[in-house]
Structures are given as structure tokens and as C-alpha cells.
1. When you go through (1) part of a helix (DSSP H, G or I); (2) in contact with a helix residue (DSSP H, G or I) (Cβ under 6 Å, 6 or more places away or on another chain); (3) more than 20 Å from residue 219 (Cα to Cα) one by one for residue 134, which number turns out not to apply?
2. Which is over 30 Å from the mean Cα position of the chain (by Cα), surrounded by 14 or more Cβ atoms within 10 Å (Cβ to Cβ) and within 25 Å of residue 92 (Cβ to Cβ), of 149, 186?
3. What do you reckon, is residue 39 modelled with pLDDT of 95 or more and not in a helix (DSSP H, G or I)?
4. Do any residues in the range 316-328 that are without any contact (Cβ under 8 Å) to a residue 60 or more places away in the chain have Cβ atoms under 9 Å from those of residues that are in a loop (DSSP other than H, G, I, E, B), where the two are at least six apart or on different chains, and which pairs are they?
5. Every residue in the range 467-486 that is part of a helix (DSSP H, G or I) and either without any contact (Cβ under 8 Å) to a residue 60 or more places away in the chain or within 24 Å of the chain's Cα centre (by Cα) (or both), please.
6. Which count do you get for residues in the range 359-375 that are out of contact with any helix residue (DSSP H, G or I) (no Cβ under 8 Å at 6 or more places or on another chain) and part of a loop (DSSP other than H, G, I, E, B)?
7. So, in the range 205-256, exactly how many residues are farther than 14 Å from residue 312 by Cα and assigned to a strand (DSSP E or B)?
């Protein structure tokens, strides 16, 4: 029989109560106890315990026992992946480094095994390596003589155990030659900042090549929903709630709700398991909370890094994305055939994302039909640079990949023509930047093309219209993932009179769809009022083309 922890019943609560409730953790072969004893024999250069003993606190010990204790009848470990989501300052890196040494020089090692520290860049990967190196070098009597540490500047960083040919190595997504790995242990560090999926695929596929491999994901909360990190954490949440049954994955999720009271000291302690042992600093928490009360930037930092709230991309967002998501119900666009529509177009530079958004109005309700374009050449590389999966989006029809390495203006113009065949196109509003190649032929064919200026006078009232529709749940977008990503990236800038504008330089990643949307929605609102383009005081300022 498999020795597993108690199956979780469905619940909205993802909190790891089992860490604190003293419930039994199966250990039929004693391997959990063996792992704990090994870690306790390690030393740490910063430890305040006698003889620099590695500090393995009770909450950490429970995690170790839950990973290494449960086994099947043949003694094989049941847990093959661990997702540790914990705020900064809770020593997750020290624990992860110690677990890696368990597989490098300890009883979980395999002869010739590869142990890998993986991160978004070499600097981040080096943080965990320094922890492991420090642990090894703190034990001059037992570990230094039997290991070799390679830590030369600008060269591969490794800890080798020649007796069994086991090596701990650092790699990052910005390093070459990541293919061909067959790791027995991988620490995926701070995956919330990983861009793209190449390194993730290499490592997870490599882990699948051998039995009893282990993936440890140790990260703080991130931003946005369009990353491998959010995908991993969301699946771990479903396992923690009992919605998915997967005994091979151990979720350890210390996170707060987005609407939490960030000044609640009991909440601080609940989501920071190290606080009972003196870390992180409660006094530091209080100082950060004091700053957060007057600074949106400090508040976002507090929520993300110390309370583990998964935020949206922007630090000064346009709207709350949970409210935005209320408009994600499925839309029957065929039922809108023949209806009046207003189109907003935001063309990119030659190689970036371009957006066309058609808007339909029914009273106070606005429905949008988004379409995005990106060059097909190097589409995977572009997605990795933007931290999203353009290839998957193109496969699912959310993006049109045009042939070549630059945006195909003709393809965008053809799509607008197709909209005119299906709907009553009232206006096609363009941000004129980079748009001449699409605007000119449409003007020549008699389409109702207008240019929309992008300044304060234009955007602020338009954003007010769009915000009102979103907040009142009168904005329907069908859950289009690319459009959501764009809106989550938006950063808003205000002037002294509270006029608002999308701050392109401070917005994270692409916002083209959001820009096209405010143009389309604002023109739909003006069009329904049946007034001239130039009769809208303090509204959209237009120039005929």
C-alpha cells in the first residue's frame, strides 16, 4: 500500500494547516527521519545555534518529512514535486539549498546524479549556490575534504562529490547549452520572474527521464496570469483545495487574499511561518506598513513580497483585474452580425504586437471583439522576451501570426474589411503612429477612417467611459487572454487635476489591446449620442484623415 498523507477535501482554503496541526506524516521506511537527521547534522555560517548547527525549524521539518517520508511498497518516493510559495525573508533558499545537498552528498543522492539550481539569470541562481557553498564550507572537518567547489569568476559554478560522481550545478535561462539534462533534483528558484518556457521544459522533461527525481519550486508571489509561474501556482492551489487529486505534488502555499488587511499583525504571522522563530522582522513589517499607507508603490511591494498576494502586472493599474474578469462570459459574436460597431486600431512598430478591437454597444453595455497580429518569424523568441506564449495563443486563434519578420499591414487591413462585411462599421479610429500603411488603402476605398490623438484631452474622458463600463459590469470581453494581459500591463499616470493617461514607459509589457479598446469604446459612446465628432466638449479629439 502507498503511504500518503490524508486526502484533502474540497475547500477554498489553500493554507497548509498540516504543517502546524501535528498530524501524523507517513514514514514507513524511515526516510523522512533520515532526511531530517542529515539536515540537522549540517552547519550554516550564519547559524546562531551551538557549533553553527543548521537551523531546521519545526515548519521546515514538517515539509521535509512530507517530501521524503511517504513511499510506495518498493520504497520509491511518492512526492516528485514541491511547490513552496512563501514570502521573502522566510529562509526558503536555505531550506532548498540544504535539500539539494541531501541529493548531492546525502542519503538521497544517486551515483552520477545531476543536481541543478535553476533561475531566471545567473545572479539569481547564484544566491542559492552561495547558500549551498556556505553550508559545505562551514563544515571543514566532514564536508570540505570530500567535496570540490568550483566558483571561479565568470565560469560554471559547481559543487562536486567525487566519491559518487554527483554534481550540483547552477544554470539559468540566459545561459547556453541547457539541453540534454537528466537531473535527479532541480531547484526552480523564484519562477515568478522567469520569462518564457524553454528552461522549464528542458528541466521538467529531464526530470521525467529517471525515477525518484524531485522538483522543488521555491518562490514568492508574482504578477499577472500569463506565465508558467501562475500556471504552476494555480494548479498547486487546486491540489491544496482538493479539486485535483495528485499525491505526487506537495503544495506549501503561504499567501494572502488580494483584499486582505495588510495592517493586520496576525495576518503577517499567519503567512510568514518563520515569524514564530524570529524571521522576518516584525519591526520591519511595521515600518513597511507605515510607508504603504501613503504610497501605492510601497503597498504593492508589501502585498507581493511580504504577504504573498499574487498581483496583476501593473503597479498603478487602470482597474482591478478581478472586476475586469466579471466580463469574461462567452459571447455569441454571430448574433451581432449586422450590428453597428466602432473599431479602434493600435499598430505597433514593425516587429511588435498590433491590435484591432471592434466595439458594440447595447445601452450601457459594451461588447468588444479583439484581434491581435504579430510577425510569424521568431514568434517563440518574441514570446519569451515578453514573458508570454505567443505560439500557444496563435494556435488557439487569439493571435494571427503574419508571414515574415514584420507586421503585414495588408493582413490587418483585410481583417478590418472582413469586419465591415459582417457588421455596420461606423468609424475606424487609429492611433496614427505606425498606422499609415493600413490607413491609406482604407481611406482610398472610402472607409470611415479617423485619427485619434493620444494626449490628455483625448484619453482621460475616454478612460472614464471605459472604467465606468468595467466597474458597473457592463464591459464584455469574453475572457480573451491577450486582451486581459494587455489590460493587466497598463500603468496610469495622473496630472494635478486628476486627468488620466496610459503611461507607456511605466506600463509593463504590451498594452496595444487596451489602447485600441479605449479608442473603440469611446467612439461607440460618442456614436450612440448621435453628435458630431467635433461636438464633444472635453471628449475625444479627432482629426479627419
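The values are calculated or read from the model by the stated rules, or taken from the named source; none is laboratory data. Values in this document were obtained by computation on a predicted structure and should not be read as measured data. Every residue, glycine among them, receives a Cβ derived from its backbone with ideal geometry; neighbour counts consider all protein chains shown.
1. Status for residue 134: all satisfied but (2).
2. From the options 149, 186, the qualifying one is 149.
3. Considered against the rule, which asks whether it is modelled with pLDDT of 95 or more and not in a helix (DSSP H, G or I), residue 39 comes out as no.
4. Filtered contacts from the range 316-328: 320/258; 320/312.
5. Listed by number, the residues that qualify are 468, 470, 481, 482, 483, 484, 485, 486.
6. So the answer is 1.
7. 11
Each row is one residue, and each column tells you yes or no for (1) modelled with pLDDT of 95 or more; (2) part of a loop (DSSP other than H, G, I, E, B); (3) over 32 Å from the mean Cα position of the chain (by Cα); (4) crowded, with 20+ Cβ neighbours inside 10 Å.
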| site | (1), (2), (3), (4) |
| --- | --- |
| 34 | yes, no, yes, no |
| 67 | yes, no, no, yes |
| 107 | yes, yes, yes, no |
| 110 | no, yes, yes, no |
